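A quick write-up on the structure given underneath.
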Amino acid sequence: MVAFKSLAVAMLKGFFRDKMAVFFAVIFPLMFLALFGGLLGGSGGSEIDVEQVGKVSVLDDAPKEVRAYLKESLDIHRTSDEKAAIRKVRTGDADAMITQRGDTLVVRFSQADQVKAATVQGTFQGIVQSANIAVTGQQPKYALEADQVEDDSLSTIQFFTPGLMGWAIASGATFGAATNLVVWRKNGLLRRLRLAPVPTWAVVLARIAVSVAIAAVQAAIFIGVGVGLFGLQLTGSWPMIVPLLAAGTLSFMAIGLLAGAVAKSEEAAVGIANFVVLPMAFLSGSFFPLDGAPGWVTAVSEVLPLKHLNEGMLDTMVRGEGPGAALLPIVILLGFAVVVSAVASRVFRWDD
Amino acid sequence: MGAEITAEGLVMTYGDVRAVDGVSFTVASGEFFGLLGPNGAGKTTTLEMVEGLRRPQSGSVRIDDHIPSKREPELQRRMGVQLQASSFFERLTAREQLDTFGALYGVAAGRTDEMLEQVGLVDKADDRTEDLSGGQKQRLSIACALIHDPDVVFLDEPTAALDPQARRNLWDVLRSINDSGRTVILTTHYMDEAEALCDRVAIMDAGRILELDTPAALVRGLDAPVRISVAPGTLDADEARAMAGSDDVADEESGLTITTRDPARILTELAHRDALDGLSVKGASLEDVFLDLTGREYRA
C-alpha cells in the first residue's frame, strides 16, 4: 500500500511538472473548446431581424399569444423607409423586410444565409395561413406541436463539451501510459522496480490511479470552463460521467500501454499514440457530429472506444437521458480495455 | 550483515551467441567482489542472473538460501541494486527519488538525509535529477541502492562515462559501502578500479571467467617484469646492461629504462651510483594480466 501510494505520487509529480504534457492534456483541448464555443456559439442564435415597413395587420392585429410567440423568434423593427429597409437586408444588417400591400404580405429576404431565408419564408407562410383561417371564423382542425428532443437550452457548447472532453481524456490517458512505459523501460526503472519488493500489480494499479486522477482533473476543468464561461447546462444524470470516464480512461490507457510496449523509443510511442487518437477523435464525433457521415464511417466508429464514451457523455450530460444510458457504453469500454490490455501484456517487455 | 553468494555453471545464450558460457564463483559474506572485463564480456548478463533479473538457462544462483530469480520479497529487501542506466523517476528531486525508493522498501523518511550526507549530495537535495551531473547521478543512484541498508549490493559499471575526478570521488563512496560488512559485487571495465576496490576479481572475456583471485595474486602470478626508468644522462646504457638482474635496457630520448625481475637489486645498484634522477618504477597491473590472458588489445 505504501509502495502503491509512493509510486502514484511520483508519477503524478512527474506529470504535473511536465509542462508539455499538461499543455496537451488540458490547455490544448480547452483552446478548441474556446474556439468552437466562441465561434460557433455566436451564430447559433436563431433570432431573425425583421424590418417592418408601415402597418402589417397580420402582425399588428395578431392575438396576444401569437405575438408573444413571434417575439421569441423575430426581432421586429418598425420603419417607414422601404428602400432603406431593403438595403439593410441586402447588406446583411437585417434578415428580412416585410410590408403589406392590400391583402398581400410582401417579404423580401436575402438568400445569403439559406437557413434564415428558409426560416423567414416558413414563418411568414405560417402567419398568413393562420390569419386566413382566423378570417373564416372556424376553429383549426389540425394542430402542430413541435419540440426539440434535446433540453431546451440547446446550443453548440452542449455538443462540443462532451466530445472535446472525450478527446482530451483519450489523449491524456493514451499518451501518459505510452510514454511512461517507454521511458521507464528505457531508463531501466522497470527493471529496478522488478528487483524491489514491490508486486507488479502495485505498479499497474498506481498507473491506473494516476490516469484516472488526471482524467478527473481534465473533466473538472472542462466542465468548470464550460459552465462558467460558455453557459454549458448539465442535465440530470451528468454524475454518470464519473464511471464513464473511469471506464474510458482504462480503455485509452490500454491503447497507450500497447503503443508503449510496441514502440522502441519515446518518439515512436508518441507517434503511434497520435496515429491512433487523432483519427479516432474525428471518427468518434469529437470535433463534429457524425449525423451526416457516410455509413462506413458510422460503422467504423462503432469499434472505437471514444465513440462510445462520447455517446455516453452526450446522453447523460446534455441529452437528459437517465443514468441507464451510460451502462452500455461503460460495458463496451471495459470490454475494450480488457481485450487491448491482454494484447499489450503479450508484447510487454521489462527491458530492451 | 553480508550474505554468501554462489553461482554455478551459469549459461545464457542469445541466438547463436553464448553471452555467458559456464560461469561459476562464490562470494564470501562481507567480500568486495569484482567482475572485470571489456564490454560484451558477459559481466552484466552474469550480474543480472545473480540479481534474479534473468533466470539462467542452465546453472544456478544462491544468495544465502534464496534463489534470486524467484523474486522473493524477503531476499529483495536485503538486496541493493544499482543498474547501468540512471534509473530515476522523471522530474523528481534527489530527495524525492530517495524518499520514493525508501517507501518502496518500507524505510522511514529519515534515512534520506543520512544517505544524501553519505554520498555528498546534501546541497543538491532539491535539484531535479535531470539537472545533476553524471557523477552526481551515479552517487544518487548508489544512495538509492543503499537507502534500505541492504546486506548485498550490486553495482553495474558505476563509474562508466565519468571523468577521472568523479571516478576517484565515487571510489571513496564505494569503499564506504563495504566498510560496514556488506557483500558487494561490482562490474567494471576499468582495471585500476577493480585493483583499487575489490578483494577478489574475476577476469571475464567472451562469456567465461579466465582467472579469479585477489588483484595482488593475479599480478604476482603473471610474473611480469618491473620497468625502472631514470632521467636521460643519469646512467650510461652499457653500464646499465652490465648490472646483475637487468634483463633488458632501452636507451631513449625520454630516459633510460631497465626491465628486470629483481627490482630490489637494481634499485640498490642505482642508489649506490647516485643515479636516481627522475626515477620511476612501474610494476605489472591488472591490465597486463588481462592482456596476457586474452592476448590481444584491450577493447574497452
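The values are calculated or read from the model by the stated rules, or taken from the named source; none is laboratory data. Keep in mind that this is a model prediction, so the values were computed, not measured. No Cβ is skipped: glycine too gets one built from the backbone with ideal geometry, and neighbour counts run over all protein chains shown. Heads up: the accessible areas ignore ligands, DNA and RNA and are worked out on the full protein's heavy atoms, side chains in. Shrake-Rupley method; radii C 1.70, N 1.55, O 1.52, S 1.80 Å.
How much length is gained if the chain between B:D127 and B:R168 is pulled fully straight, taking 0.36 nm per residue apart and subtracting their Cα-Cα distance, in nm to one decimal?
That works out to 12.4 nm of additional length.
Using heavy-atom solvent-accessible surface (probe 1.4 Å) with all chains present, what is the largest-first order of A:K186, A:K116, A:K71?
Largest to smallest exposure gives the sequence A:K71, A:K186, A:K116.
Considering amide H positions built from the backbone, and no H for Pro or chain starts, which residues 5 or more places from B:F32, or on another chain, come under 5 Å of its amide H?
Close amide H contacts, sequence-distant or interchain: B:V184, B:D199, B:R200.
Leaving out ligands and nucleic acids, note down the accessible area per residue over region A:229-289 with a 1.4 angstrom probe, in whole Å².
42 Å²
Which whole-number value in Å² is the accessible area per residue of region B:225-283, probe 1.4 Å?
I get 60 Å² per residue for region B:225-283.
Of all beta bridges DSSP finds with both residues in chain A, what is the antiparallel percent, to the nearest 5?
Working: 6 of 16 bridges.
Of those bridges, close to 40 percent are antiparallel.
Quick one: angle between helix A:82-91 and the longest Cα principal axis of chain A, in degrees between 0 and 90, rounded to 10, please.
Relative to chain A, helix A:82-91 is tipped by roughly 20 degrees.
Quick one: accessible area per residue over region B:5-214, 1.4 Å probe, rounded to a whole number of Å²?
Roughly 37 Å² per residue, with all protein chains present.
Given the pairs B:K43/B:K124; B:K43/B:K137; A:K5/B:K70; A:K55/A:K88; B:K137/B:K282, which are separated by over 27 angstrom at their Cα positions?
Numbers: B:K43/B:K124 32 Å; B:K43/B:K137 22 Å; A:K5/B:K70 25 Å; A:K55/A:K88 19 Å; B:K137/B:K282 34 Å.
Listed pairs above 27 Å: B:K43/B:K124; B:K137/B:K282.
With +1 assigned to the C-beta of every Lys and Arg and -1 to the C-beta of every Asp and Glu, and no other charges, what is the dipole magnitude of chain A about the Cα centre in debye, to the nearest 20?
Magnitude of the dipole: close to 1700 debye.
With point charges of +1 on the Cβ of Lys and Arg and -1 on the Cβ of Asp and Glu, referenced to the Cα centre of region A:181-275, which listed residue (A:I208, A:W184, A:I221) lies farthest in the positive direction of the dipole?
A:W184
What is the angle, in °, between the Cα long axis of helix B:263-272 and the longest principal axis of the Cα atoms in chain B? Nearest 10 is fine, range 0 to 90.
Taking Cα atoms only, the helix is inclined about 50 degrees.
Can you give the helix-only mean residue ellipticity at 222 nm for chain B, where every DSSP H stretch with n ≥ 4 adds -39500 (n - 2.57) and the sum goes over all residues, rounded to the nearest 500 deg cm²/dmol?
-9500 deg cm²/dmol
May I ask you to give the average projected area over all directions of the convex hull of the Cα atoms of the protein assembly as shown, in nm² rounded to one decimal? Could the numbers behind the result be given before it?
Details: hull surface 179.9 nm².
Average projection, Cα convex hull of the protein assembly as shown: 45.0 nm².
Along the Cα→Cβ direction, 7 angstrom out, place labels at A:W201 and A:E65. What is the inter-label distance in nm?
The answer from the label model is 6.5 nm.
Among DSSP beta bridges whose residues both lie in the protein assembly as shown, state the antiparallel percentage, nearest 5.
Expressed as a percentage, antiparallel bridges in the protein assembly as shown total about 60.
Can you give the average number of partner chain beta-carbon atoms within 10 Å of each beta-carbon in peptide B:96-108, as a whole number?
The per-residue average across the peptide is 4.
Among A:L164, A:L283, A:L39, which one shows the biggest mean-square fluctuation in a GNM of chain A, springs joining Cα atoms closer than 10 Å?
A:L39
Among B:C144, B:L75, A:F23, whose Cα projects farthest towards the positive end of the dipole of the protein assembly as shown, with charges put on the beta-carbon of Lys, Arg (+1) and Asp, Glu (-1)?
Checked the options; the winner is A:F23.
Note the buried accessible area between A and B here, summed over both chains, with a 1.4 Å probe, in Å² to the nearest 100. Write down the numbers at each step before the final one.
On the way: alone 19410 and 14350 Å², together 31210 Å².
What A and B bury together is about 2500 Å².
What does the highest-first list of B:187-199, B:100-112, B:164-176 look like by mean Cβ count within 10 Å?
Going by the mean number of other Cβ atoms within 10 Å, highest first, we get B:187-199, B:100-112, B:164-176.
Looking only at other chains, what is the average number of their beta-carbon atoms within 10 angstrom of each beta-carbon in B:70-81?
Neighbouring Cβ atoms belonging to other protein chains average 3 per residue here.
Alpha carbon centre of region A:60-82 versus region A:179-213: separation in Å?
67 Å
Could you work out Rg/(2.2 N^0.38 Å) for region A:48-136, with Rg from alpha carbons only?
Dividing the Cα radius of gyration by 2.2 N^0.38 Å gives 1.03.
Determine the share of chain B's accessible area contributed by carbon and sulfur atoms, expressed in whole percent, with a 1.4 angstrom probe. All intermediate terms of the calculation are to be shown ahead of the outcome.
Working: 5650 of 13100 Å².
Answer for chain B is 43 percent, counting heavy atoms of protein chains only.
Across the residues of A:7-14, average count of Cβ atoms on other protein chains within 10 Å?
On the way: counts 4, 0, 6, 12, 4, 0, 7, 5.
Other-chain Cβ atoms within 10 Å of each residue's Cβ, averaged: 5.
In terms of Cα to Cα distance under 20 Å, which aspartates and glutamates are near enough to A:K83, apart from those fewer than 8 places away along the same chain?
A:D49, A:E51, A:D75, A:D93, A:D95
To the nearest 20 debye, what charge dipole does region B:225-283 have about its Cα centre, counting +1 at the Cβ of each Lys and Arg and -1 at the Cβ of each Asp and Glu?
Here the size comes out at about 320 debye.
Which lysines have a Cα lying under 18 Å from the Cα of A:K264, excluding residues fewer than 8 positions away in the same chain?
The reachable lysines, counting only those whose Cα sits under 18 Å from A:K264, are A:K186.
At q = 0.09, 0.10, 0.14 Å⁻¹, work out log10 I(q)/I(0) for chain A with the Debye formula, treating every Cα as an identical point scatterer and leaving solvent out; two decimals please.
-0.63, -0.72, -1.08
Give, ordered by residue number, each residue of region B:45-62 whose 1.4 Å probe accessible area is reduced by a minimum of 40 Å² on adding the remaining protein chains to the chain alone.
Hits at the 40 Å² cut-off: B:L53.
Quote the charge dipole size of region B:5-214 about the Cα centre in Debye, to the nearest 20; the model charges only the Cβ of Lys and Arg (+1) and of Asp and Glu (-1).
440 debye
Nearest 500 deg cm²/dmol is fine: what mean residue ellipticity at 222 nm does chain A get from its DSSP H runs of n ≥ 4 alone, each adding -39,500 (n - 2.57), divided by its residue count?
Values: 15 runs with 227 residues, N = 352.
The helix contribution divided over chain A gives -21000 deg cm²/dmol.
B:D223 label point, 7 Å along Cα→Cβ, cut-off 19 Å on backbone N: hits in region B:257-274?
B:259-265
If you rank A:F24, A:F230 by how much accessible surface each has, with a 1.4 Å probe, what is the order from largest down?
Heavy-atom accessible area, descending, gives A:F24, A:F230.
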